[in-house]
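Input: a single structure, listed below in structure tokens.
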Amino acid sequence: MMAERIVWGLDIGGTKCALAAANEQGDILYRYQIATRDYPQWEDILETLVKAGEASAPRPLAVGVSCGGPLDSQRGLVLSPPNLPGWDEVPITAWLQKRLGVPAYLQNDANACALAEWQYGAGQGSRSMAFLTFGTGLGAGLILDGRLYEGVNGMAGEIGHIRMAEEGPVGYGKAGSLEGFCSGGGLKQLAKARLGKDMSARELAEAAEMGDEGAIRVLHESARMLGRGLGILVDVLNLEKIVIGSIFARAEKWFRPEMEKIMEKEALGLSLKVCKVVPAALGEKIGDLAAITTAWIGWRGENQ
């Protein structure tokens, strides 16, 4: 009887880092998590995760890494992400390959999450889709004609950087950007500007549930800008699905009606007709499965 094939995934973030082991069906067989701040050096984090895996998880065929950018996925380098101080030109795939003797693959978190939702979540069955993070920021990953599209240097899909208004909340360092209107950080800025209150996205949604008209107006303003941004994606890329995570997935009822009104107004009818906008399906598992999917796709690309 053939042994079950297993890969490991490392989800590297500014708050936490985790190692997960999974099979080809995406079943998590083992998971170990640490607080990033508890380890002063990147080598300490990787060694701690790898030792935990060696002690308790099946040996992997490959390792995938999901990490916030900037990074160079082709060369396997993490390039000084703002939430990972000290991670300057870290040769993470070379380190893992030498340490474990198996191939390692690196992908930015938005692209990796797109792959995960495509393989295991809301994007299953589609050949062309976009995934939008809609969390702290607004990252994006593109699956076009059945494969991840990264662009010339890995920067494809950064719709959050598009300026939607001459003035407005700041995202991607740009006032009025789509990320400024459609992200956790942007919603907090909108609440301050429109209501004079410090409110998180979660607090806005909770207030809206209680009938707070001001909170509803802020969420609807964000929804309309989201609709304009999605209209651009629909027109340019003619997608089957747009999968949206985090804030949208949790508070869809406050976004969808206004979002769809604007999409119907802005996007080409024939393109809009074939595109479904759906909430992400993987929930809290998405970070682990993003790294796991990176490993499987990299390994299959070299072995099948």
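The values are calculated or read from the model by the stated rules, or taken from the named source; none is laboratory data. Note that the structure is a prediction, hence the values are computed from the model and not measured. Neighbour counts run over all protein chains shown; Cβ positions are idealised from the backbone, glycine included. Only protein heavy atoms, including side chains, enter the accessible area calculation; ligands, DNA and RNA are left aside. Shrake-Rupley method; radii C 1.70, N 1.55, O 1.52, S 1.80 Å.
Does G245 satisfy the criteria of being in contact with a strand residue (DSSP E or B) (Cβ under 8 Å, 6 or more places away or on another chain) and in contact (Cβ under 8 Å) with a residue 12 or more places away in the chain?
yes
Which pairs do you get when a residue that is under 22 Å from L144 (Cβ atoms), found in segment 257-275, comes within reach of a residue that is open to solvent by 70 Å² or more (accessible area, probe 1.4 Å), reach meaning Cβ atoms under 7 angstrom, with the pair 6+ apart or on two chains?
E266/R228; S271/N238; L272/E264; V274/E240; C275/E240
For segment 77-152, which strands (runs of 3 or more DSSP E) that fit wholly inside it have 3 or more residues that are open to solvent by less than 40 Å² (accessible area, probe 1.4 Å), over 21 Å from V274 (Cα atoms) and touching a residue at least 12 places away in the same chain (Cβ under 8 Å)?
104-108
Would you call E240 more than 15 Å from M259 (Cβ to Cβ) and surrounded by fewer than 24 Cβ atoms within 10 Å (Cβ to Cβ)?
Criteria met by E240.
Looking at the structure I just gave you, is I28 exposed (fewer than 15 other Cβ atoms within 10 Å of the Cβ) and within 22 Å of the chain's Cα centre (by Cα)?
Yes; evaluated as a whole, the condition is true for this residue.
If you check A62 against the conditions, is it buried (at least 16 other Cβ atoms within 10 Å of the Cβ) and more than 25 Å from E117 (Cβ to Cβ)?
Criteria not met by A62.
Can you run down the residue pairs with Cβ atoms below 6 Å, 6 or more apart or on separate chains, where the first is in segment 193-220 and among the charged types (D, E, K, R) and the partner is outside any helix (DSSP H, G or I) and surrounded by fewer than 16 Cβ atoms within 10 Å (Cβ to Cβ)?
none
Of all the residues that make up segment 285-304, how many are free of Cβ contacts under 8 Å to residues at least 12 places away in the same chain and either under 11 Å from D11 (Cβ atoms) or in contact with a strand residue (DSSP E or B) (Cβ under 8 Å, 6 or more places away or on another chain) (or both)?
0
Taking segment 276-302 on its own, how many of its residues are in a helix (DSSP H, G or I) and over 18 Å from G146 (Cβ atoms)?
Here the count works out to 11.
Taking the condition of being in a strand (DSSP E or B) and not small (G, A, S), how many residues in segment 157-185 meet it?
3
Taking G69 as the residue in question, decide whether it is in contact with a Gly (Cβ under 8 Å, 6 or more places away or on another chain), surrounded by fewer than 17 Cβ atoms within 10 Å (Cβ to Cβ) and assigned to a loop (DSSP other than H, G, I, E, B).
Against the criterion (in contact with a Gly (Cβ under 8 Å, 6 or more places away or on another chain), surrounded by fewer than 17 Cβ atoms within 10 Å (Cβ to Cβ) and assigned to a loop (DSSP other than H, G, I, E, B)), G69 does not qualify.
Conditions: (1) open to solvent by 10 Å² or more (accessible area, probe 1.4 Å); (2) under 30 Å from S66 (Cα atoms). P257 meets all but one. Number of the miss?
That leaves (2) as the condition not met.
Could you give me the residue pairs with C-beta distances under 6 Å whose first residue belongs to segment 40-60 and is closer than 16 Å to A104 by Cα and polar (S, T, N, Q), whose second residue is assigned to a helix (DSSP H, G or I) and open to solvent by 10 Å² or more (accessible area, probe 1.4 Å) wherever it lies, and which are 6+ apart or on separate chains?
So the pair list comes out empty.
What are the residues in segment 261-282 that are open to solvent by 50 Å² or more (accessible area, probe 1.4 Å) and within 22 Å of the chain's Cα centre (by Cα), if any?
Within segment 261-282, K276, A281 meet the criteria.
Take D288 and decide whether it is closer than 29 Å to A18 by Cα and open to solvent by less than 70 Å² (accessible area, probe 1.4 Å).
When the stated conditions are applied, D288 passes them.
For residues that are under 21 Å from L100 (Cα atoms), touching a strand residue (DSSP E or B) at 6+ places or on another chain (Cβ under 7 Å) and not aliphatic (A, V, I, L, M), tally how many sit in segment 1-31.
Of the residues in that region, 7 qualify.
Evaluate the following for A175: is it under 15 Å from F255 (Cβ atoms) and without any contact (Cβ under 8 Å) to a residue 60 or more places away in the chain?
no
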